[in-house]
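**Q** Got a structure for you, written out below as structure tokens; questions coming shortly.
The values are calculated or read from the model by the stated rules, or taken from the named source; none is laboratory data. Just so you know, these numbers come straight off a predicted model, no measurement behind them. Heads up, the Cβs are rebuilt from the backbone with ideal geometry, glycines too, and the neighbour counts pull from every protein chain shown.
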Amino acid sequence: MKKIQSQAQSAHSMASAFDVVLGFDMETDIGSFTPFYEGVKRGTPQILKLLKAHGIRATFFWTGHAAETNPEMVRRVRDAGHETGCHGLYHETLGDPLFPLPNNWPILPSEVEGRLRVATQIVRKASGERPVSFRCPRLWGSTNVLNVLEKLGYLTDASFPLYFYRKPFVPYHPSAKDWTRPGRMRILEIPNFCDLSMESHDPYQRDRDQWPLFRTESAEALVQKADSFIAYVTARKARPVLCFYLHPWEFYPMPKGALDFGECSVKTLPFIVKNCGPKAVAQLDRVCTLLRERGGRFLTAKDLAAEHDARN
């Protein structure tokens with residue numbers, strides 16, 4: 001019976017043109033630049049409503065602090081049928097920094113295991129489920145992080161910033177010696193898609209990336225990048241996986257201008273908070289429709305890993 005079910009799932013998988021993993025990074029508003037959770041409190045319900053309308057199950061990656069501060073929302077997301085993942089203890093730099101951010105030093109490699117162990121325990125307590133999918137803040141992962149995740153029993157990691165490394169461009173089991181290369185680890189690495197065909201004009205290749213195009217420009221602009229990625233991967237006879245990274249604060253209006261914190265003020269660049277709120281909701285709704293029309297199949301990171309291993 002199990003063999004028949006596995007064959008049916010595989011047939012259904014191959015019937016669709018590509019897979020889509022929607023990942024939401026549950027953190028403080030505007031990334032790590034504020035201590036507030038208006039996005040988690042007010043943006044998350046908008047996300048859940050949209051996902052329900054499309055019949056989509058997504059993966060929500062919670063920082064330990066976000067889960068501990070908003071346990072009722074953790075349970076609400078879980079009860080809606082979505083996967084509960086982990087996003088670190090705070091929104092700290094766990095792995096290799098890709099570009100400079102002032103006063104944002106990576107934590108020591110020796111600290112990673114302790115912090116991730118505590119974060120995992122907090123998310124598990126808040127949700128009642130042990131998280132098995134992970135994403136590093138800012139997609140800044142590392143070989144050390146992957147080895148810790150493997151030790152802690154995680155099954156997937158969705159930290160790989162494809163715009164920076166450019167390959168591998170499909171999910172893979174990484175090497176314990178170099179997380180950017182295929183190897184024999186059990187954990188499945190899921191690259192976050194980007195446009196691999198364009199000519200980049202940024203020293204860090206960030207203009208290849210997907211975020212936050214859906215709300216700063218349009219759903220069509222983002223799906224154009226997705227189309228380019230799908231064509232690139234398909235031409236190399238591989239199955240495309242569109243892994244997205246989004247945030248609850250994008251779906252609730254964020255303050256513009258300087259934010260005063262007593263001893264300092266933080267002024268975000270306009271694109272960071274542009275069109276947060278209703279327009280972001282409408283554009284993500286459009287993205288989901290366009291991807292479905294193209295033959296996309298939505299699933300969680302955990303389910304993708306299970307199918308990947310069954311096929312291979």
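**Q** Would you mind telling me which numbered condition in (1) within 21 Å of Trp211 (Cα to Cα); (2) among the aliphatic types (A, V, I, L, M); (3) assigned to a helix (DSSP H, G or I) Val74 fails?
**A** Condition not satisfied by Val74: (1).
**Q** Only one of Glu129, Glu113 is under 18 Å from Arg186 (Cβ atoms) and of a type outside the set (Phe, Trp, Tyr). Can you tell me which?
**A** Glu113
**Q** Of all the residues that make up segment 133-164, how many are closer than 14 Å to Phe244 by Cβ and aliphatic (A, V, I, L, M)?
**A** 3
**Q** Residues Phe134, Phe99: which one is surrounded by fewer than 21 Cβ atoms within 10 Å (Cβ to Cβ) and touching a residue at least 60 places away in the same chain (Cβ under 8 Å)?
**A** Result of the check over Phe134, Phe99: Phe99.
**Q** Specify which of the listed residues (Ala58, Ala67) is of a type outside the set (S, T, N, Q), closer than 23 Å to Leu290 by Cβ and either crowded, with 22+ Cβ neighbours inside 10 Å or free of Cβ contacts under 8 Å to residues at least 60 places away in the same chain (or both). Before the answer, list the steps.
**A** On the way: Ala67 fails: closer than 23 Å to Leu290 by Cβ.
Testing whether each residue is of a type outside the set (S, T, N, Q), closer than 23 Å to Leu290 by Cβ and either crowded, with 22+ Cβ neighbours inside 10 Å or free of Cβ contacts under 8 Å to residues at least 60 places away in the same chain (or both) leaves just Ala58.
**Q** Having 1 or more residues that are more than 19 Å from Asn192 (Cβ to Cβ) and modelled with pLDDT under 95 is the bar; report the strands (runs of 3 or more DSSP E) wholly within segment 236-312 that clear it. Write out each step before concluding.
**A** Details: elements: 241-246, 258-260, 265-267, 296-298.
Output list reads 258-260, 265-267.
**Q** Name the residues in segment 74-85 that are surrounded by 23 or more Cβ atoms within 10 Å (Cβ to Cβ) and free of Cβ contacts under 8 Å to residues at least 60 places away in the same chain, would you?
**A** Within segment 74-85, Val74, Val77, Thr84 qualify.
**Q** From the list Glu111, Glu129, pick out the single residue that is of a type in the set (Asp, Glu), part of a loop (DSSP other than H, G, I, E, B), surrounded by fewer than 16 Cβ atoms within 10 Å (Cβ to Cβ) and at negative phi.
**A** Glu129
**Q** Could you list, in sequence order, all residues of segment 246-291 that are β-branched (Val, Ile, Thr) and either surrounded by 15 or more Cβ atoms within 10 Å (Cβ to Cβ) or under 20 Å from the mean Cα position of the chain (by Cα) (or both)?
**A** Passing the criteria: Thr268, Ile272, Val273, Val281, Val287, Thr289.
**Q** Hey, another quick one. Those residues that are touching a helix residue (DSSP H, G or I) at 6+ places or on another chain (Cβ under 8 Å), β-branched (Val, Ile, Thr) and in contact (Cβ under 8 Å) with a residue 60 or more places away in the chain, I need them from segment 195-244; list them, please.
**A** Val223, Val241
**Q** Right, something else. Please determine, by comparing only the residues of segment 137-180 that are within 21 Å of Glu83 (Cα to Cα), in contact (Cβ under 8 Å) with a residue 24 or more places away in the chain and among the aromatic types (Phe, Trp, Tyr), which one is surrounded by the fewest Cβ atoms within 10 Å (Cβ to Cβ).
**A** So, considering only residues that are within 21 Å of Glu83 (Cα to Cα), in contact (Cβ under 8 Å) with a residue 24 or more places away in the chain and among the aromatic types (Phe, Trp, Tyr), the one surrounded by the fewest Cβ atoms within 10 Å (Cβ to Cβ) is Tyr154.
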